[in-house]
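Data block below; observations after.
The values are calculated or read from the model by the stated rules, or taken from the named source; none is laboratory data. Note that the coordinates shown come from a computational prediction; the quantities given were computed from them, not determined experimentally. FYI the Cβ positions are ideal-geometry reconstructions off the backbone, even for glycines, and counts take in every protein chain you see.
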């Protein structure tokens, strides 16, 4: 290499090496300070795209878990109200049993029937008032038609196209829109006294209409049994759905955990590896600075020849 003044090739080379080492040092500093291996698309273009898709799925899965937990709370609200209705039906059967015996006269049966009707009215009030987040649960709004008693067909009674959905409640917990994987329906029957066919609102032809006579009281015993069975079927269905939702929550939590682990392997920096790179780049930067200073001094050797 010639000894020249105008073009200092050693200084240019040292400058290029310094720029590269300093750039890598800046990248290592950014990664160590942020904790992210992929901070920009330039770090790993394919990895960034995969990571963002994973992050979207993780966020959606977290909301799905919250959706399922909300559904569990709703089911527990409905089941609690049905438990109170159960107590009213038991009291009504006790009253019907009392009125069915011949040791009471008509006036006494009318008094017994007044409490019987009060219990029926309370059942209707509970069914009409029980709601979760503004959604009425036991008044029949979430029921299905007789033709769609099979849970697989509940979707036929659901309509979510309007501002207010009708039919069975649709619980969405998955990250897509596949009926087999991402959602299912919750149906709760009508629990009013008229639907259970007890009390005055059930109509005069219903066996559980009143217990004002001995014959009516005896007929009401069978009607109340049917009402209890109908109510128990609803509670059993809700219990099964709650267990299913809790299993779904467990599965979603495991999926989310594993997906976050996969996202971490793509996105997060390995501190031990990056710290090694940081020290290496730091040493290279310091060395390049020292060599640039030496290279800048080389043209003075030519001046010494000129002055010599």
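Observations on the model:
- Subset of the range 146-168 (residues that are out of contact with any strand residue (DSSP E or B) (no Cβ under 8 Å at 6 or more places or on another chain) and either loosely packed, with under 12 Cβ neighbours inside 10 Å or assigned to a loop (DSSP other than H, G, I, E, B) (or both)): 146, 147, 149, 150, 152, 161, 162, 163, 164
- Residue within the range 99-106 that is assigned to a helix (DSSP H, G or I) and buried (at least 21 other Cβ atoms within 10 Å of the Cβ) present: yes
- All of (1) farther than 28 Å from residue 258 by Cβ; (2) surrounded by fewer than 18 Cβ atoms within 10 Å (Cβ to Cβ); (3) touching a residue at least 24 places away in the same chain (Cβ under 8 Å) hold for residue 28 with one exception: (2).
- Where helices (runs of 4 or more DSSP H) fall wholly inside the range 190-308, the ranges with 2 or more residues that are touching a residue at least 40 places away in the same chain (Cβ under 8 Å), touching a strand residue (DSSP E or B) at 6+ places or on another chain (Cβ under 6 Å) and surrounded by 12 or more Cβ atoms within 10 Å (Cβ to Cβ) are 214-267.
- Inspection of the range 124-145 identifies at least one residue that is in contact (Cβ under 8 Å) with a residue 12 or more places away in the chain, assigned by TED's automatic domain parsing to the domain that holds residue 193, assigned to a helix (DSSP H, G or I) and buried (at least 21 other Cβ atoms within 10 Å of the Cβ).
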